[in-house]
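Peer 1: Take this structure, written in structure tokens, and hold onto it; I'll ask about it next.
The values are calculated or read from the model by the stated rules, or taken from the named source; none is laboratory data. Just so we're clear, the structure is a prediction, and the values are computed from it rather than from any experiment. Positions of Cβ are generated from backbone atoms using ideal geometry, with glycine treated the same way; all protein chains shown enter the neighbour counts. Calculation scope for accessible area: heavy atoms of the full protein, side chains included, ligands and nucleic acids excluded. Shrake-Rupley method; radii C 1.70, N 1.55, O 1.52, S 1.80 Å.
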Amino acid sequence: MTELPHTPLHSTLPQSRHLTTAVPGPRSKQLHAERLAHVSDGFGIVLPVFVDRADGAIIQDVDGNRFIDFASGIAVTSVGAANRKVRERVAAQLERFTHTCFMVTEYESFTQVSKWLNEHTPGDFDKRTALFSTGAEAVENAVKIARSATGRPNILVFDEAYHGRSLLTMAMTAKENPYRLNFGPLPGEVVRAASANPLRPSASTTGDAMTAALASVEETLAQHGADTFAAMVIEPIQGEGGFIVPVPGFLAGLREIATRHGIVLVLDEIQTGMGRTGALYASEHEGIAGDITLSAKALADGLPLSAVTGRTELLNAVHVGGLGGTYAGNPLACEAALAVFEELEDGELLANARTVETVARELLEPLVEETAIVAQFRGRGAMLALEFADATTLDPRPDLARAISSACHAQGVLTLTCGTHGNVIRLLPPLVISEDLLRDGLGVLHDAILEANAALRAPVLVADTP
Ligand SMILES: *Cc1c(COP(=O)(O)O)cnc(C)c1O
């Protein structure tokens with residue numbers, strides 16, 4: 001591979017794919033064996049290579065292999081894993097202090113991050129922000145705030161939802177294995193409604209998908225009493241559940257239902273936020289605003305930071321001392337977030353996200369027609385996915401998603417899978433990826449899909465030949 005002349009945002013690594021060993025290489029294998037001797041088996045692994053350096057859209061492992069990064073550490077390192085502005089701000093903060101606990105003594109960056117989020121999250125109303133460390137913590141605190149403000153117990157969540165791995169958020173998450181299996185009993189007061197998956201409408205759906213899905217939500221609310229619900233929590237594009245973009249109008253319908261019943265609408269934008277979908281927040285595509293919007297993942301480019309931003313009357317309904325956490329809004333993470341905001345300010349990275357969609361759509365969407373295994377190409381901006389299923393029955397094919405993803409890994413392209421059935425390959429490149437690198441990575445994926453499709457058809461053709 002020739003090196004690209006353009007390395008985005010002063011990248012510290014050559015932005016090109018390059019393999020020096022089989023994947024994983026000998027050094028990674030050695031380190032992985034050592035890991036197994038010390039680390040809980042409870043952690044899974046997508047690609048067992050050990051990282052030496054990462055930046056831009058490249059991950060370099062300890063064997064010298066350079067991978068194209070279509071994962072961004074699960075939608076986190078959107079501005080690059082060694083972004084210059086992030087490094088400079090964090091380094092300067094590191095010289096001053098690492099921690100005070102915001103509940104003990106204050107520092108200005110906590111306020112500045114809150115101010116920016118109040119100004120930039122959707123919703124033309126007065127807002128306040130509370131900062132935490134992880135996405136799950138943001139979700140749990142949104143529930144605490146909504147319960148405190150409404151005096152109601154119940155939380156409405158949806159099929160295919162993912163909200164985290166803590167005890168409450170795993171109860172809010174839909175998928176059993178691996179997230180909930182053997183970890184019960186689960187906390188109560190979590191009620192699940194049908195979602196509005198365009199490819200796989202729920203069995204009861206007849207007629208117009210949007211109307212049916214909303215009627216089903218109303219029915220679920222009625223069964224428990226709509227006035228027992230503090231909040232409904234939903235991802236504008238469901239991430240872990242399969243990058244499902246709901247049928248058009250569904251989210252606006254939920255907005256209306258929430259308002260009518262006095263239920264707090266919490267938009268979990270932990271994966272979709274910070275420019276990932278080509279807008280700062282994905283709810284902008286739907287023309288709606290949550291009463292509360294959650295940010296995390298890409299918020300601080302890999303330093304642990306999450307945020308609950310919403311109506312002042314909600315965020316201030318909690319008694320003094322009711323919110324907090326030792327590391328909540330850590331000063332290093334706040335500085336990283338301020339650097340991320342600087343990178344997002346001129347809109348160029350949002351435009352990049354939209355370019356990612358244009359290029360990927362042009363290359364991958366034809367595979368829905370051209371193959372018997374790609375059921376759908378979907379998503380927005382730099383949050384895109386391919387669902388693998390049998391062309392006629394639509395039976396999920398997780399085996400194909402796995403095999404194709406592995407083929408990409410072997411050729412130096414880091415892809416992730418997701419979905420309730422594990423039959424979806426998702427693409428989450430950093431927003432700083434160059435078009436050349438994007439095309440190189442997508443080309444590898446494209447060819448791996450064609451190969452899997454050909455392998456599938458070959459025995460059939462033989463059998464059909466007299
Ligand atoms: C990742 C994620 C979470 C949980 O975030 P953690 O930082 O892993 O706790 C919650 N909601 C959504 C939509 C996510 O993608």
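Peer 1: What is the diffusion coefficient of the range 299-338 in µm²/s, taking the Kirkwood radius over Cα pairs and the Stokes-Einstein relation at 25 °C with a viscosity of 0.890 mPa s?
Peer 2: The diffusion coefficient I find is 214 µm²/s.
Peer 1: How high is the relative contact order of the chain, in percent, counting Cα pairs under 8 Å that sit 6 or more residues apart?
Peer 2: Relative contact order comes out at 21 percent.
Peer 1: On a full-extension model of 0.36 nm per residue, what is the gain between ASP346 and HIS32, subtracting their alpha-carbon distance, rounded to one decimal in nm?
Peer 2: Contour length minus Cα-Cα distance gives 108.9 nm.
Peer 1: Working from the pairwise distances between different alpha carbons, so that the mean of 1/r is found and then inverted, what is the chain's Kirkwood radius in Å?
Peer 2: Its Kirkwood hydrodynamic radius stands at 23.1 Å.
Peer 1: Considering only DSSP beta bridges where both residues belong to the range 232-330, give the percentage that are antiparallel (nearest 5).
Peer 2: For the range 232-330, the DSSP antiparallel bridge percentage is about 45.
Peer 1: Further, regarding this structure: Put ASP52, ASP63 in order of accessible area, largest first, 1.4 Å probe: what do you get?
Peer 2: ASP52, ASP63
Peer 1: Which value, in debye to the nearest 20, describes the size of the charge dipole of the chain about its Cα centre when Lys and Arg Cβ atoms bear +1, Asp and Glu Cβ atoms bear -1, and nothing else is charged?
Peer 2: The calculation lands at about 860 debye.
Peer 1: Quick one: pull the percent of accessible area on the chain belonging to carbon and sulfur, 1.4 Å probe, ligands and nucleic acids left out.
Peer 2: Percent of accessible area from carbon and sulfur atoms in the chain: 54.
Peer 1: Just add up the charged neighbours of HIS261: K/R +1, D/E -1, any other residue whose Cβ is under 14 Å from the Cβ of HIS261.
Peer 2: -2
Peer 1: Ok, one more. Could you provide, to the nearest whole Å², the per residue accessible area of the range 331-466 with probe 1.4 Å?
Peer 2: 39 Å²
Peer 1: Taking a point 7 angstrom from the Cα of HIS99 along the C-beta vector, which residues in the range 163-199 have backbone N less than 12 Å away?
Peer 2: none
Peer 1: Continuing with the same structure: Report the label-to-label distance for ALA454 and ARG361 in nanometres (one decimal), using points 7 Å from each Cα along the Cα→Cβ vector.
Peer 2: 2.9 nm
Peer 1: Which net charge results when you count Lys and Arg as +1 and Asp and Glu as -1 among the other residues whose beta-carbon is under 12 Å from that of ARG361?
Peer 2: My count for the surroundings of ARG361 gives 0.
Peer 1: Name all residues of the range 165-206 having a backbone nitrogen under 20 Å from the label point set 7 Å from the Cα of LEU394 along its Cα→Cβ direction, giving them as ranges.
Peer 2: Within reach of a label on LEU394, which here means backbone N under 20 Å from a point 7 Å along Cα→Cβ, the range 165-206 contributes 175, 193-206.
Peer 1: Further, regarding this structure: Classify the range 37-144 from the C-alpha gyration tensor, please: rounded if a/c falls under 1.5, else prolate or oblate depending on whether a/b exceeds b/c.
Peer 2: Since a/c reaches 1.5 and a/b is larger than b/c, the shape of the range 37-144 is classed as prolate.
Peer 1: With both partners inside the chain, how many of the DSSP beta bridges are antiparallel, as a percent to the nearest 5?
Peer 2: 65 percent
Peer 1: A follow-up question, please. Which residue, ALA401, GLY241, LEU36, has the largest displacement toward the positive end of the dipole of the chain when charges sit on each Cβ (Lys, Arg +1; Asp, Glu -1)?
Peer 2: Result: LEU36, furthest along the dipole toward the positive end.
Peer 1: To the nearest 10 square angstrom, how much accessible area does THR358 have with a 1.4 angstrom probe?
Peer 2: Solvent-accessible area, nearest 10 Å²: 90 Å².
Peer 1: Roll a 1.4 Å probe over the protein chains and send me the accessible area per residue for the range 100-329 in Å².
Peer 2: 38 Å²
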